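**Student:** This structure is in C-alpha cells; I'll ask about it shortly.
All of the numbers you see were taken from the coordinates with simple rules; none came from a lab. As the structure is a computational prediction, the values presented were derived from the model and not from experiment. Because the Cβ atoms are built from the backbone with ideal geometry, glycine has one as well, and the counts that use them run over all protein chains shown.
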Amino acid sequence: MKVLIIGSGVAGTCLAHRFLEKGINFKIVDKGINQSTRVAAGIINPLVFRRMTLSWRAEEFMPAADKFYKELGEQFNRTFQYPITIRRLFASEQEAGYWLKKQHLPHYSDFMSTQTEEDAAFPSPQNTFGTGLVKGASHIDAASYYQIHRDWFSEQGLLETEELEYTNIEPETATYKGETYDYIVFCEGKDGIANPWFGYLPLQQTKGEILTIHAPTISQDELLNRKCFLLPVGNGNFRAGSNYDWDVDNVIPTKEARALIEENILSVTDEPYEVVDHVAGVRPTVPDRRPLFGKHTEFPKLVIANGLGAKGYMLAPLMMQELADFLVEGKPLHPESDIARFKKR
C-alpha cells in the first residue's frame with residue numbers, strides 16, 4: 001500500500017506516524033506554512049467547562065494522547081508534552097454546583113479533583129464562586145512539534161514542500177503528478193474549505209488569536225481559566241487566549257482581539273503584565289463539533305481527515321490510529337466522525 005498525505009499539521013503528522021507503525025509507504029505534500037499548528041496553545045483538557053461535562057470521548061482520547069506523545073518524546077529524545085494543572089475559576093454558583101455534583105461520579109473523578117477548602121478560598125480577587133482543579137491535563141509545545149516533524153520527515157525523504165494544485169490530482173486513480181497511490185488523504189486543515197471533492201461538507205474556518213504576556217508575579221504552577229486561559233510557558237511568561245472569529249479573511253492579529261483577550265485576562269487575575277507577542281491562526285471547525293473522516297462516495301481513493309478544531313492535539317493520536325485501521329484493515333470509523341452523516345448534494 002502507498003498513500004499520499006496532503007498536509008503536515010497535527011493530523012497529517014499523527015497519521016504519518018501510524019503508517020510508520022504499520023509499515024505503510026507514504027509521502028507527505030505540504031506547502032510549509034501552517035499557522036494554526038504552529039501558534040496553537042496545544043492544551044489537552046478533558047473537560048468542557050460550560051456545564052462541567054467530559055469532552056467527547058475524553059476517556060479514550062486522553063490515554064491515547066499521553067501514550068503517543070510519550071513515545072514520540074522517546075523517539076526524538078525531547079519533550080513535546082508537559083503536564084499542567086488547570087484551575088478553573090467558577091463563573092457562577094451554578095457552575096460551582098455542577099463541579100461539586102460531578103467530582104465523585106464515575107468517569108468524572110478521573111479528571112476532576114475533589115474541591116478542598118483551599119480551592120474554594122483560592123486567594124484571588126476574581127474568585128467569587130470557588131475553583132476546581134482538573135487532573136490529567138497537559139499542553140504540547142506546538143511550535144517545536146511542528147518544526148521538528150517537518151525537519152525529520154524531510155530528512156527521511158518523506159516530505160515534499162510545495163503548493164498543492166488540485167488539477168494535478170486524478171481522483172479516480174488517486175494519481176498525483178503521474179504517481180499513483182492507493183489513497184490520497186487530505187489533512188488540509190483550514191485549506192480544506194477549497195477542496196473540490198469534499199466541498200459539500202460543512203467545514204468552517206475559525207480564527208483565533210493568542211497573546212504572550214510577561215507577568216512575573218503570577219504563579220507558574222497552574223493554568224488559570226475563566227473566559228480565557230493563562231498558560232504558563234516559563235520565565236514569567238504566559239500564553240493568553242483565545243478568541244473565536246468566524247469572519248475570516250486573513251491571519252493578521254487584530255487590535256480588537258487583543259482588547260478582548262486583555263479584558264478577559266481580568267477575569268482570572270489583576271496582576272500587572274506586559275504583552276510581548278500577539279499571533280493569530282485559523283483552525284478548521286465543524287458545526288456539530290465532530291471531525292470529518294471518511295472516503296469520498298464517488299472517488300473512494302480520496303479520503304478526508306479534517307475538522308479536529310481546538311482540541312486537535314488531544315483527538316489526533318487516537319483518531320489517526322482509527323483512520324489507519326480503517327484504510328489498512330477495513331475497520332469501521334467512529335460513526336460520529338464518519339462523513340457518511342452528511343449526504344453529498
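**Student:** Taking the structure as given and computing volume of the Cα convex hull per residue in Å³, which label from [x] 129; [y] 142; [z] 152 fits?
**Tutor:** [y]
**Student:** Still on this structure: Separation of the range 104-153 and the range 249-270 by C-alpha centroid, Å?
**Tutor:** When both Cα centres are located, 21 Å separates them.
**Student:** Over the range 190-345, what lengths in whole Å, largest first, do the semi-axes of the equivalent ellipsoid take, defined as the square roots of 5 times the eigenvalues of the alpha-carbon gyration tensor?
**Tutor:** Result for the range 190-345: semi-axes of 37, 18, 11 Å.
**Student:** Something else about it: Residues with beta-carbon under 12 Å from that of residue 183, excluding residue 183: net charge, scoring Lys, Arg +1 and Asp, Glu -1?
**Tutor:** Local charge sum for residue 183: +3.
**Student:** With each run of n ≥ 4 DSSP H residues scored as -39500 (n - 2.57), what mean residue ellipticity at 222 nm is computed for the chain after dividing by its residue count and rounding to the nearest 500 deg cm²/dmol?
**Tutor:** Helices in the chain give a 222 nm mean residue ellipticity of -8500 deg cm²/dmol.
**Student:** Another question, then. Once both axes come from the Cα atoms, what is the angle between helix 93-102 and the longest principal axis of the chain, in degrees from 0 to 90, rounded to 10?
**Tutor:** Here the helix axis deviates by roughly 70 degrees.
**Student:** Using a simple charge model, +1 on the beta-carbon of Lys and Arg, -1 on the beta-carbon of Asp and Glu, nothing else, what dipole does the chain show about its Cα centre, in debye to the nearest 20?
**Tutor:** I would put it at about 780 debye.
**Student:** Next question. Identify all aspartates and glutamates with a Cα-Cα distance to residue 2 below 12 Å; exclude those on the same chain that are fewer than 8 residues away in sequence.
**Tutor:** 179, 182
**Student:** Listing 3, 286, 303 from the residue with the fewest other Cβ atoms within 10 Å to the one with the most, what is the order?
**Tutor:** Going from least to most buried by this count: 286, 3, 303.
**Student:** Across the range 58-69, in residue order, what do the Karplus-derived ³J(HN,Hα) couplings come to in whole Hz, using 6.51 cos²θ - 1.76 cosθ + 1.60 with θ = phi - 60° and x for Gly and Pro?
**Tutor:** For the range 58-69, the Karplus-derived couplings read 4, 5, 8, 5, 4, x, 5, 5, 4, 5, 5, 6 Hz, x marking Gly and Pro.
**Student:** Still on this model: Rounded to the nearest 10 degrees, what's the angle between the helix 142-155 long axis and the longest principal axis of the chain, both from Cα atoms, 0 to 90?
**Tutor:** 20
**Student:** Students often forget the sequence filter, so: which lysines lie under 21 Å Cα-Cα from residue 70 once same-chain residues fewer than 8 apart are removed?
**Tutor:** Counting by Cα, and skipping residues close in sequence, residue 70 has these lysines nearby: 22, 135, 311.
**Student:** Using the alpha-carbon atoms, what tilt in degrees (0 to 90, nearest 10) does helix 255-265 show relative to the longest principal axis of the chain?
**Tutor:** 50
**Student:** Separation between the residue 105 and residue 51 pseudo-spin-labels, each 7 Å from Cα along Cα→Cβ, expressed in nm?
**Tutor:** Inter-label distance under the simple model: 1.0 nm.
**Student:** Also, quick follow-up: Could you grab the Rg to Rh ratio for the range 232-313? Cα atoms only, Kirkwood for Rh.
**Tutor:** When Rh is taken as the Kirkwood radius, the ratio is 1.11.
**Student:** Give me the dipole magnitude in Debye, nearest 20, for the range 44-112 about the Cα centre, with unit charges on the beta carbon: positive for Lys and Arg, negative for Asp and Glu.
**Tutor:** The dipole magnitude comes to about 200 debye.
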